[in-house]
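Working notes, beginning with the structure itself.
The values are calculated or read from the model by the stated rules, or taken from the named source; none is laboratory data. All values reported here derive from a predicted model rather than from experimental measurement. In this analysis, Cβ positions are derived from the backbone assuming ideal geometry, glycine residues included, and neighbour counts consider all displayed protein chains. These area figures cover heavy atoms from the full protein model, side chains too; ligands, DNA and RNA do not enter into them. Shrake-Rupley method; radii C 1.70, N 1.55, O 1.52, S 1.80 Å.
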Amino acid sequence: QVQLVESGGGLVQAGGSLRLSCAASGDIFSINAVAWYRQAPGKQRELVAAVTTGGLTNYTGSVKGRFTISRDNAENPVYLQMNSLKPEDTAVYYCAASNWELFGGPPTLWDFWGQGTQVTVSS
């Protein structure tokens with residue numbers, strides 16, 4: 001089993017930056033991909049970014065050039081660096097992990113989920 005814990009969310013002004021962290025514990029050796037999804041009120045959960053253990057990344061178009069997903073093999077966490085934040089980025093951000101080398105897709109493809117962390121961007 002894998003446990004995921006997100007941190008780093010909060011309130012930030014438009015144009016500001018936040019860095020989210022996803023810490024994994026348990027059977028971490030089974031993880032082959034990690035992703036960030038987000039869900040705003042009244043909207044479907046959508047992919048933000050994904051990274052495989054091999055370092056391949058995928059981003060949704062609305063965050064390309066602003067967000068960066070990265071992994072720290074030595075320290076375990078996966079990060080989501082969010083720059084130039086916009087009010088439309090406001091959502092609960094979830095960390096997800098998979099035993100397979102996924103690059104996104106619907107949330108049902110992912111095996112493990114964190115509890116989510118709230119990101120609020122004020123205009």
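Across segment 103-109, computed HN-Hα scalar couplings (Karplus, 6.51 cos²θ - 1.76 cosθ + 1.60, θ = phi - 60°) run 10, x, x, x, x, 5, 6 Hz from first to last residue, x flagging Gly and Pro.
Per residue, the average separation of C-alpha pairs within less than 8 Å and at least 6 apart gives segment 18-70 a relative contact order of 25 percent. In a reduced charge model with +1 at each Lys and Arg Cβ and -1 at each Asp and Glu Cβ, the chain shows a dipole moment near 380 debye about its Cα centre.
In order along segment 84-91, the Karplus-derived 3J(HN,Hα) couplings, from 6.51 cos²θ - 1.76 cosθ + 1.60 at θ = phi - 60°, round to 6, 5, 10, x, 5, 7, 4, 4 Hz, and Gly and Pro are given as x. As a fraction of the 1.4 Å probe accessible area of the chain, surface on carbon and sulfur atoms comes out at 51 percent. Projection of the Cα convex hull of segment 37-106, averaged over all directions and equal to a quarter of that hull's surface, yields 5.0 nm². Calculated accessible area for segment 5-62 comes out at 49 Å² per residue, all protein chains present (probe 1.4 Å; ligands, DNA, RNA ignored). Farthest towards the positive end of the charge dipole of the chain, among the residues Thr68, Gly42, Val2, is the Cα of Gly42, using unit charges on the Cβ of Lys, Arg, Asp and Glu. Contact order for the chain, expressed relative to its length and based on alpha carbon pairs under 8 Å spaced 6+ residues apart, stands at 37 percent. Think of the chain as having a plus end and a minus end, set by charges on the Cβ of Lys, Arg, Asp and Glu; of Leu102, Gly16, Asn32, Gly16 sits farthest toward the positive end of this dipole. Here, the chain is characterised by an Rg to Rh ratio of 0.94, where Rg is the alpha-carbon radius of gyration and Rh the Kirkwood radius.
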